[in-house]
Amino acid sequence: MRKFLVVLDNSSECLNAMRFAAMRAANTGGGVEILAVIPPEEFNHWIGVGALMREEARERIEAHFEVFAKWMREKHGIEPELVIREGDPVEQILAQVKDDPEVRVLVLGAGSGKSGPGPIITQLIRSASTLPVPMVIVPGEMSKERIAEVS
């Protein structure tokens, strides 16, 4: 099955990327894979504390994922998959695209503030010519109605 890979983070533009991925998957008979990356700097503590922090991060991710998963199931009939990786976000996104041959499109939400589209998009654009899949960038300011029209 063709999957749309979307990155789950705490950004507001993440919501638009989720919307686009779910709607596009529903309209084309595809699936959605949601990737959450835990940055390594969160665990630079003693071993016991780092393990506890890692578990708490996973629990937060799973709770956040479940909100999107419920919406995708109820609104679009899509059962998304959750993948949690640890490390540098861009490296882990690229690794996930390469590791899962069913991922055919990478969907990212672009920030709309003065700081630009966001660090992940900025870094991925530099390696866009070597990406093995197309990258769709959904503007953070795009309305849900317009997302529905283009998906």
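Brief remarks follow.
- Longest segment of the chain lacking GluC sites (Glu not before Pro) that sit in a DSSP loop with at most 13 other Cβ atoms within 10 Å: 1-101
- Dipole magnitude (debye, nearest 20) for the chain, charges at Cβ of Lys, Arg, Asp, Glu: 560 debye
- Amide hydrogen neighbours beyond the local backbone of Val136, cut-off 5 Å, H modeled: Leu106, Val107, Leu108
- Long-range Cα-Cα pairs in segment 72-151 (distance over 15 Å), rounded percent: 66 percent
- Normalised contact order of the chain, rounded percent, pairs of Cα under 8 Å and 6 or more residues apart: 34 percent
- Against the empirical curve 2.2 N^0.38 Å, the C-alpha radius of gyration of segment 1-129 lands at a ratio of 1.07.
- Loop sites in segment 68-151: trypsin sites (Lys or Arg not before Pro), DSSP, at most 10 other Cβ within 10 Å: Lys114
- Restricting attention to the chain, the count of lysine pairs at 8 or more positions apart or across chains with alpha carbons under 24 Å apart stands at 7.
- Under the Karplus curve 6.51 cos²θ - 1.76 cosθ + 1.60, θ = phi - 60°, whole-Hz ³J(HN,Hα) for segment 60-77, x wherever Gly or Pro sits: 4, 4, 4, 5, 4, 4, 4, 4, 5, 4, 4, 4, 5, 5, 6, 8, 10, x
Bear in mind these aren't lab numbers, they're just calculated from the coordinates by the rules spelled out. Nothing here was measured: the structure is a model prediction, and the numbers come from that model. Positions of Cβ are generated from backbone atoms using ideal geometry, with glycine treated the same way; all protein chains shown enter the neighbour counts.
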